[in-house]
Every structure is written in structure tokens, then in C-alpha cells.
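Following: one structure in C-alpha cells, then a few remarks.
The values are calculated or read from the model by the stated rules, or taken from the named source; none is laboratory data. The model shown is predicted, which means the values in this text are computed figures rather than measured ones. Virtual Cβ from ideal backbone geometry, glycine too; neighbours counted across all protein chains shown. For accessibility, only protein heavy atoms count, side chains too; no ligands or nucleic acids. Shrake-Rupley method; radii C 1.70, N 1.55, O 1.52, S 1.80 Å.
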Amino acid sequence: VGTVNSWIKYLQAPAEGWIVNCNEETSWIHQRPFSSLAEFKKKMIQHPDKSLIEKDFVQSIGQKRERFAPHTLFIATIGGFLDLSYRYMGYELFVEGLYDDPALIAEVMDIFHNMQVIYSSLYSQYKLGPAYVYCDDIAFKTSLLFSPDFLRQEYFPKLKDIFEPAQKNGVKVIFHSDGNLNSIIDDLIDAGIDALNPLEKMADMDIVK
């Protein structure tokens, strides 16, 4: 629910038509305000304004750090731009767009990329913590959700942009994705990650290897 509200507030997403289901462990989007690429285009999101995000984000992280202090350090999570892109659209519509309207998908990814650059920049600028967790689920148990060629062309260059403020300010980046990431470990390191989570043994992510 909070994620959808941030899309409405910062990206001018449609305010009506969302249904989010929740249980004790997680939440998921059951219905969106669009069901086709044509409908999606009519309700296109807009690039975020840093000034709208800044006060909310800095205040939110500060409040959470205070709740955990002094014995526990709160480390923030920043959503992944690729994960957010296909979560916003719905995975099926996102993949349909990759084939039928790649320019549209590139624009959506750019918007979410810019949003995450803002979060990384603010986190680093205000020194909100020594590290943050960047979450982008891009794999499943046996392989990647997207081809390595697509990731190397459209994903990793943008990832470097997001991590650059952290690197400049000495903030460590903990990259989270479920699944088997073995084929792109070097790409992730090159993009600037400092740690990897969760290293699923069932996905052949052996910590000794």
C-alpha cells in the first residue's frame, strides 16, 4: 500500500483503480488501473521531482533510526528500478511491452531509475546510514528472469548511476535478489555492489563458491 501511495504522490500515477491484497507475511497488487498497453499509455507516470521526495524520505529514515537507537542500527531498503517497473505494470504487461513497445518500457525504466537515483543520492547526502539494501528481484531458482544481454544493455549501466552517490560518500550497497545470480556476479560487482543477499543454497548460490 505504501509503495502504491508513493507512485501516486511522486510519479502522478492514477489514484483510483488499485487493489492491494495483504496477509501477515507480504502484500501484492491484485488489480491495476490499466490492463493493456494502450490504457497504460493514457495514464503514463511522470518523472519524479526530488524536492517532493526529499523531506518525506529524510524524515522517514530519521524516525526509524530513532526507534531502533541506541542498540540497533536501522539500515534502509531502496527498491530496485527494474523490479518496480514490472511490479507497477504487472509482469505480463511489462514483458508484452518489451516485445511490442520497447520505447515505452525504456521510458518506464528511466522514470523508476531516476527515482532510485534520488533515493540513493539523498541517503548518501544526508548520511542516513553506513549502508543500504538495494532490492531488485531479477532471478529465480535456476536462472535469470531476463536475458544477460538485456541486463547488460539496459540494466547494469543504470545500476551504476544509482550506486555512484553511495560509492562517492563511502556508503556500502547490499544487493538483494532471490534466485540464481551466478552468471552475472561479475556484472554486479562491476556495477558497484559491496555485498550480496540472500545467497540461496536451493538456487545453487553456494557461499563457499
For Met44, Met109, the accessible-area ranking with a 1.4 Å probe, largest leading, is Met44, Met109
Please tell me the relative contact order of the range 170-209 in percent, rounded to the nearest whole number, where contacts are Cα pairs under 8 Å and at least six residues apart. 49 percent
Solvent-accessible area per residue for the chain at a 1.4 Å probe radius, Å²? 54 Å²
If you put +1 on each Lys and Arg Cβ and -1 on each Asp and Glu Cβ, how big is the dipole of the chain around its Cα centre, in Debye rounded to 20? 800 debye
Gyration tensor verdict on the range 105-155 (Cα atoms; rounded if a/c is under 1.5, prolate if a/b is larger than b/c, oblate otherwise): oblate
Proximal charge balance of Glu200 [Cβ under 11 Å; K/R count +1, D/E count -1]: -1
Given a 1.4 Å probe and every protein chain left where it sits, what share in percent of the accessible area of the chain is carbon and sulfur? 50 percent
So, in Å, what gap is there between the alpha-carbon centers of the range 75-132 and the range 180-209? 20 Å
Answer with one residue from Ile162, Tyr123, Val95: the one whose Cα lies farthest towards the positive end of the charge dipole of the chain, charges on Cβ with Lys, Arg +1 and Asp, Glu -1. Tyr123
Would you work out the relative contact order for the range 1-141, in percent, from Cα pairs under 8 angstrom that are 6 or more residues apart? 26 percent
In the P(r) worked out for the chain, what percent of Cα pairs fall beyond 32 Å? 17 percent
Filtered pair list for the range 56-180 (Lys only, Cα < 20 Å, 8 or more apart or interchain) has a length of 9
Got the relative contact order for the range 107-209 handy, in percent, Cα pairs under 8 Å and 6 or more residues apart? 32 percent
How much accessible area does Val95 have with a 1.4 Å probe, in Å² rounded to the nearest 10? 40 Å²
